[in-house]
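These notes concern the structure reproduced below.
Laboratory data are not the source of any read-out in this text; all were calculated from the coordinates shown. The structure displayed is predicted, hence computed values, not measured ones. Cβ: placed from backbone, ideal geometry, glycine included. Neighbour counts: every protein chain shown.
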């Protein structure tokens, strides 16, 4: 079978953003699924889906529209991993329109797994001015954050995708602008293999939420190991979320196994996710927190 599951972040999604989020999820999901339906690879499908979300001006926190840091600079993180064990990631990127494509460049064209800051920006073939990544929506969000005089950064809607192609291969990807108002140079879980992104022969995982907690819990790899050991998917996802919650943090994740089993789980107020197979499709922006199988 072929399948794709994507997410648009977990946390607090404002009521006025839910319509553009839903439209963006459905568009990205269908773009990725068409790649699979045409015989494309899981890697190609998730790249198509994630770049679609990175390019979305009306929703999400990745690429264009990524959350600015406290200095008003958009610093993006992204990672991609294939079940063949190859991976690539970038962090604190400021001049890339599509950070996930830069992460894939690291995967296929470098001897490294993670490149950050100026080193990552130097890999951009067509660098852009950082101001092009800001949108009226994100400028207003930063203004409101500054006016609120909050000391803590705010999490927002990271994007991710996992796919299973007709060859039985799995791939996972995650892309984010990080936390609104974060300190310059902060790196979250999204570009860290095993924390926010992971793929193996048996499963693909993409996480979203309070990145520091996912890093400390090594959430994605821990979940993959439980599934490999035979733990039921609902139990394994709940245990992963419990480890995050134990740090007074929240978030969510999506899972897709080699057998085509799809699941989502979150303990935040909202989560945006969508899925599609040959048998059906769905997209949701504000579901009840919890763990559920999809499809």
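In nm, to one decimal, how far is the modelled label at residue 137 from the one at residue 269, with both set 7 Å along Cα→Cβ?
1.7 nm
Which three semi-axes in whole Å describe the equivalent ellipsoid of region 70-211, each the square root of 5 times a Cα gyration tensor eigenvalue, listed largest first?
28, 17, 12
I'd like the FRET efficiency for residue 225 and residue 86, computed as 1/(1 + (r/R0)^6) with the beta carbon distance as r and R0 of 22 Å, rounded to 0.05.
0.65
Under the classification rounded if a/c is under 1.5, otherwise prolate if a/b is larger than b/c and oblate if not, where does region 187-295 fall, given a ≥ b ≥ c as square roots of the Cα gyration tensor eigenvalues?
In terms of gyration-tensor shape, oblate.
How many percent of DSSP beta bridges within region 153-255 run antiparallel, rounded to 5?
95 percent
How far is the Cα center of region 171-224 from the Cα center of region 249-284, in Å?
For region 171-224 versus region 249-284, the Cα centre distance is 15 Å.
If you average the sequence gap of Cα pairs under 8 Å that are 6 or more apart and divide by the length of region 9-140, what percent do you get for the contact order?
So the answer I get is 20 percent.
Please compute the modelled spin-label separation between residue 34 and residue 281, points set 7 Å along Cα→Cβ, answer in nm with one decimal.
About 1.0 nm, to one decimal.
What FRET efficiency comes out for residue 246 versus residue 70 if R0 is 25 angstrom and r is the Cβ-Cβ distance? Round to the nearest 0.05.
With R0 = 25 Å, the Cβ-Cβ based efficiency is 0.35.
Rounded to the nearest 5, what % of DSSP beta bridges with both residues in region 1-145 are antiparallel?
65 percent
More than 18 Å apart: what percent of Cα pairs in region 1-122 qualify?
Looking at region 1-122, the distances longer than 18 Å represent 55 percent of pairs.
From the C-alpha gyration tensor of the chain, pull out the three semi-axes of the equivalent ellipsoid (sqrt of 5λ each), sorted largest to smallest, in whole Å.
Each semi-axis is the square root of five times an eigenvalue, giving 26, 21, 18 Å.
Please compute the contact order of the chain in relative form: average sequence separation of alpha-carbon pairs under 8 Å and at least six residues apart, divided by the residue count, as a percent.
Dividing the mean separation by the residue count of the chain yields 24 percent.
Given points 7 Å out from each Cα along the Cα-Cβ axis, report the residue 128 to residue 235 separation in nanometres with one decimal.
4.6 nm
Considering only DSSP beta bridges whose two residues both sit in the chain, what percent are antiparallel, to the nearest 5?
Taking every DSSP beta bridge within the chain, about 90 percent pair in antiparallel fashion.
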